[in-house]
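For reference, the structure is listed below as structure tokens.
The values are calculated or read from the model by the stated rules, or taken from the named source; none is laboratory data. The structure displayed is predicted, hence computed values, not measured ones. Cβ: placed from backbone, ideal geometry, glycine included. Neighbour counts: every protein chain shown.
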Amino acid sequence: MADHNAVTKNGVIIDGAQMGPRFYGRRKGRPLRASMKRLLDEDLPQIVFDPARTIDDQFSRKADRYLEIGFGGGEHLAGLAAAMPDCDFIGAEPFINGVASLLRHIHEQQLGNIRIWPDDVRLIMPSLGTASLAGAFIMFPDPWPKKRHAARRILQTALLDQLAVMIRPGGRLVLASDDPTAKSWLLQAATAHADFMWTARGPQDWRQRPTELPETRYMKKADRAKRRSSWFLFQRCDAVA
């Protein structure tokens, strides 16, 4: 049986040294049940994202494509894929328990429009291509509230630069958090980037979940705990001629 705690590269398990950029976060949690291990062994190889192949080839069609960076347990990504069957989705998540959870959602809902990259998203960004995405999602990322951990926050200028290349003009970048510190650095980073425009016109635009985005158990839990979520929608600016 495969070692689900090992690092992966291009969908291949690599033992030992870390590959690529430094990753801050968990790669494993509680021991997986046998059924979840089977999903990783049997289902993941069939839908793992392969940066060596074109996206059209991997989905066997042309369609609007979306990327979710850090999909957690996969409930949000699976909900999007189910509601938008004519679109394709790529999910990146290094936390193997989250990958197994998304595989369960895919298996139960029989979703065929998701490909999974079970590692750091930065490893596949160069392969996605210019204007290849209709949008991207970064939902409830690790907040890293301490100033000394600022470099660990997912939304850095370099990542935004890459997203600006991959998201086509007019495409969307959706950010969300229920953590006050994370809200601040997400909004500050995105508004400071010249290639993205915040579309909010009033407080209701960031205080209310966009109706097209699925509600997840995590969101409901945050509401019960009186943690107010915010939703920041940005548009990729038109390219300057």
field: Residue check for residue 67: over 21 Å from residue 235 (Cα atoms), at pLDDT 95 or above and surrounded by 19 or more Cβ atoms within 10 Å (Cβ to Cβ)
entry: no
Per the filter on segment 116-154, residues out of contact with any Phe, Trp or Tyr (no Cβ under 8 Å at 6 or more places or on another chain), among the aliphatic types (A, V, I, L, M) and in a loop (DSSP other than H, G, I, E, B) are 131, 154
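From the list 148, 122, which one is touching a residue at least 24 places away in the same chain (Cβ under 8 Å) and not acidic (Asp, Glu)?
Values: 148 fails: touching a residue at least 24 places away in the same chain (Cβ under 8 Å).
The conditions single out 122.
Could you grab me the full set of residues in segment 148-171 that are charged (D, E, K, R) and at pLDDT below 90? Reasoning before the result, please.
Initial filter on segment 148-171 (charged (D, E, K, R)): 148, 152-153, 161, 168.
Once the filter is applied, which keeps residues that are charged (D, E, K, R) and at pLDDT below 90, segment 148-171 yields 148, 152, 153.
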Cβ pairs under 7 Å, 6+ apart or interchain, first in segment 60-88 and closer than 15 Å to residue 138 by Cβ, second of a type in the set (Val, Ile, Thr), ordered by first then second residue, are 67/90; 69/121; 69/138; 69/154; 70/138; 70/154; 76/216; 77/114
Selection from segment 192-219 of residues under 22 Å from residue 145 (Cα atoms) and either free of Cβ contacts under 8 Å to residues at least 40 places away in the same chain or among the hydrophobic types (A, V, I, L, M, F, W, C) (or both) yields 192, 193, 206, 207, 219
